[in-house]
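**Q** This is the structure, below, for whatever I ask next.
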Amino acid sequence: MAPDWVFEIAYGVLGLLGCWQFDQAVKKWAVLISHRTWPKAIAKLRGGSRVAYTESRTLVEDPYDNIDRNYYHSVDAGPFFSFATTRYYYPQLRFTYDHQGTEVATDNLAPHNRHAFYFGRESVAAIVDHYSNLRTFPVRYYPPRPGHVFMGYRHFPWVWTPIQTLLGLFLMLNFSITVETVLTHFGIEEPQIADRVISIYIIPLLALGYAICRILAARAPRHAG
């Protein structure tokens with residue numbers, strides 16, 4: 001059986017992963033909640049907008065199975081291991097808008113504008129074609145960083161963001177167990193409230209405070225036009 005310190009390190013790594021996941025989720029929520037304070041602008045698509053994709057490879061047992069090609073892009077049979085390559089498509093929209101007489105060039109690749117990945121290329125091509133046929137479309141931009149825009153509710157990752165939030169909180173709360181154990185090893189007894197170690201309360205409060213600060217920081221300055 002592995003020594004206790006191995007589990008403590010593992011919990012610590014998971015805690016850091018939870019902090020990172022929670023941070024990414026909070027940034028998305030901050031934009032969603034604060035974007036109404038951002039000024040509006042009229043954007044137009046520019047050259048270079050296209051269907052983009054990312055790939056991941058996974059081991060498969062039988063490369064000769066009947067595989068749905070809408071999901072798997074390719075299957076490579078090797079001498080020892082076989083791999084299936086999954087291709088995830090997404091629309092890459094490049095557009096410009098006028099900001100105080102200056103043309104700002106940006107895109108939809110910020111995490112809060114990435115609604116989802118798609119397994120079928122046709123569905124993404126339809127999105128790119130839709131915007132190509134529009135003469136203009138509205139966006140909101142963050143005045144201190146004009147390239148930071150929000151494209152609208154339909155582009156927000158409604159499924160992944162709540163999952164990311166709960167996953168981050170779960171991993172951070174598990175990390176609180178490690179805090180108590182590590183302090184015990186150093187002979188430090190963590191204070192308790194209602195028979196619970198104080199880190200059980202401090203970590204969620206810190207997470208809540210951080211989320212509130214991020215949301216307030218994402219609001220447009222009052223003097224913004």
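The values are calculated or read from the model by the stated rules, or taken from the named source; none is laboratory data. Bear in mind the structure is a predicted one, so any value in this text is a computation, not a measurement. When we count neighbours, we look across all protein chains shown, and the Cβ atoms used for this are built from the backbone with ideal geometry, even at glycine.
**Q** A224 passes all but one of (1) at pLDDT below 90; (2) out of contact with any helix residue (DSSP H, G or I) (no Cβ under 7 Å at 6 or more places or on another chain); (3) in a helix (DSSP H, G or I); (4) surrounded by 11 or more Cβ atoms within 10 Å (Cβ to Cβ); which number fails?
**A** Every condition holds for A224 apart from (3).
**Q** For the list (1) outside any loop (DSSP other than H, G, I, E, B); (2) modelled with pLDDT of 90 or more; (3) under 20 Å from the mean Cα position of the chain (by Cα); (4) exposed (fewer than 15 other Cβ atoms within 10 Å of the Cβ), I need the number of the one condition that P138 fails.
**A** (3)
**Q** Kindly list, by first and then second residue, each pair from a residue in the range 118-133 that is within 10 Å of V51 (Cα to Cα) to a residue that is among the polar types (S, T, N, Q), limited to pairs with Cβ atoms under 7 Å and residues at least 6 apart or on different chains.
**A** Listed by first residue and then by second, the contacts come to V128/S49.
**Q** From the list L173, L166, exactly one residue is loosely packed, with under 15 Cβ neighbours inside 10 Å, out of contact with any strand residue (DSSP E or B) (no Cβ under 6 Å at 6 or more places or on another chain) and closer than 20 Å to A211 by Cβ. Which is it? Outline the logic, then answer.
**A** Values: L173 fails: loosely packed, with under 15 Cβ neighbours inside 10 Å.
Unique residue meeting the criteria: L166.
**Q** Further question: Taking W29 as meeting all but one of (1) part of a strand (DSSP E or B); (2) modelled with pLDDT of 80 or more, write down the number of the exception.
**A** For W29, the exception is condition (1).
**Q** Being exposed (fewer than 11 other Cβ atoms within 10 Å of the Cβ) and either over 24 Å from Y118 (Cβ atoms) or at pLDDT 70 or above (or both) is the filter here, so list the residues in the range 59-105 that pass it.
**A** Scanning the range 59-105 gives L59, E61, D62, Y64, G78, P79, F80, Q100, G101, T102, E103.
**Q** Got a number for residues in the range 93-109 being more than 30 Å from W20 (Cβ to Cβ) and either in a helix (DSSP H, G or I) or in contact with an Asp or Glu (Cβ under 6 Å, 6 or more places away or on another chain) (or both)? Outline the logic, then answer.
**A** Pass one, the range 93-109, residues more than 30 Å from W20 (Cβ to Cβ): 96-103.
From what is left, the residues that are either in a helix (DSSP H, G or I) or in contact with an Asp or Glu (Cβ under 6 Å, 6 or more places away or on another chain) (or both) are 96.
Going through the range 93-109 one residue at a time, the tally reaches 1.
**Q** Check H130 against each of (1) in a helix (DSSP H, G or I); (2) over 18 Å from K27 (Cβ atoms); (3) at pLDDT below 90 and name the one condition it does not meet.
**A** (3)
**Q** Restricting the range 110-121 to residues that are farther than 20 Å from I42 by Cβ and part of a loop (DSSP other than H, G, I, E, B), which is modelled with the lowest pLDDT?
**A** Per the stated criteria, the residue is F119.
**Q** If I163 meets every condition in (1) in contact (Cβ under 8 Å) with a residue 24 or more places away in the chain; (2) in a helix (DSSP H, G or I) apart from one, which number is that one?
**A** (1)
**Q** Ok, one more. V6 - would you say it is in a helix (DSSP H, G or I), at pLDDT 80 or above and within 30 Å of F81 (Cβ to Cβ)? Reasoning before the result, please.
**A** On the way: in a helix (DSSP H, G or I): yes; at pLDDT 80 or above: no; within 30 Å of F81 (Cβ to Cβ): yes.
In short, no.
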